[in-house]
DNA sequence: ACAGGAAGTCAACGAGCGTTTACTTCGTGA
DNA sequence: TCACGAAGTAAACGCTCGTTGACTTCCTGT
């Protein structure tokens, strides 16, 4: 019941890839990222993840100990926002808006699914604790540190809330009112919304 | 692994409840609502749901055909926002803010879990289509109809996005920056945020 | 009071899951 | 070159899940 047909997510290099643990590890992390972001933790089977990476399920457990261990590794990598927040505060809102809106374009692309998609797993008992810690530490905390004025923690949390909610409605629920907008218009609007909290 | 201990959700009336299909149906819907909202669709077992309602799993399928049928019935009931939106537009923002913030208080209470918690299931393949339709029809659509000015659909969607994101961070991820605020302060802030979109 | 039908139970099924063990295949340093 | 350890596979285990069909229990209209 309710099967969702995926495209061919199989790593094209898998057929010719040499035996190399680090490369394979990365391939597994990539396909796990895509699966978890698309279907959540519970709905992603290790067999599917492994198949996407061109290996078998047994190898996933060999490298990551368990499915939960794999998820932890994915989260750790995904919440590394890199230099996303490192810019002029005046540019921050636009940068975040581009980041969250642009992700719509990657829906069928082969690029790794963006950070916010991982919030799809926010309901799942095994995932929520890992997510919470990483969100606090790697996003809200870092963003708050770059804000000025009062209530930086709270404002940063609200930025995360808006981004989360937007991503949910846009990418998961595919809310029609959002879907009808074009990309540039969405970026403009989101920039304005986010800026209100960033400025304070 | 990762078992989450629930309180005793069992319907206390179950032991003495007379045999009555409609009453039992409602009891099943109630416990299903709580389970789905807390753990999502895939992580909620029909055996647990049935046990909470004081019956067996077989009866759930008897009444609702399947687990998916049960979910559809829950969604249908949950997205009936009733008269939530029917008020002076100037009061709308506060009303929605109270609705979404107040739900924190019910976390361990015995009241039915509020509407927005259902968005926890937004990642699950079998749930997302049902959710999308009901969200568009019963919330965004109705809210947009009550707004004035341009872009009513889009602004209504943004209200839903903020509420969704806030609910996710607050009730699912339990983001610390939000959790530290007290209830009244949160309501004030959310009212302001929501009002910006409602006014246009 | 009692038959009949509705309400509810019980036990088992088949499928899918994560995981493990024993095995095979490959890359590479001496 | 070739043996040895790393990389990867195959198959099965135990468990849980949703679902089903035959069964029992209770309420109710006559």
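So, by mean Cβ neighbours within 10 angstrom, what's the order for A:160-171, A:47-58, A:28-39 with the highest one leading?
Peptide ranking by packing, descending: A:160-171, A:28-39, A:47-58.
Could you work out how much longer the chain between residue B:80 and residue B:47 gets when fully extended? Use 0.36 nm per residue separation minus the Cα distance between them, nm to one decimal.
9.2 nm
For Cα pairs less than 8 Å apart in space and 6+ apart in sequence, what is the mean separation divided by the residue count of region B:12-77, i.e. the relative contact order in percent?
Computed value for region B:12-77: 31 percent relative contact order.
How much FRET efficiency would the formula 1/(1 + (r/R0)^6) give for residue B:90 and residue B:129, where r is the Cβ-Cβ distance and R0 is 56 Å, rounded to 0.05?
E between residue B:90 and residue B:129, to the nearest 0.05, is 0.95.
Measure of size requested: the Rg and Dmax of region B:12-77, with Cα atoms as the atom set and Å as the unit; please supply both.
Looking at region B:12-77, its Cα Rg and Dmax stand at 10.8, 31 Å.
Using R₀ = 51 Å, calculate the FRET efficiency as 1/(1 + (r/R₀)^6) where r is the Cβ-Cβ separation of residue A:98 and residue B:22; round to 0.05.
The pair residue A:98/residue B:22 has a calculated efficiency of 0.45.
Read the figures in this text as sums done on the coordinates, not as results from a lab. Here the structure is a predicted model, which is why all the values come from computation and not from measurement. Positions of Cβ are backbone-derived with ideal geometry, glycine not excepted, and every protein chain shown enters the neighbour counts.
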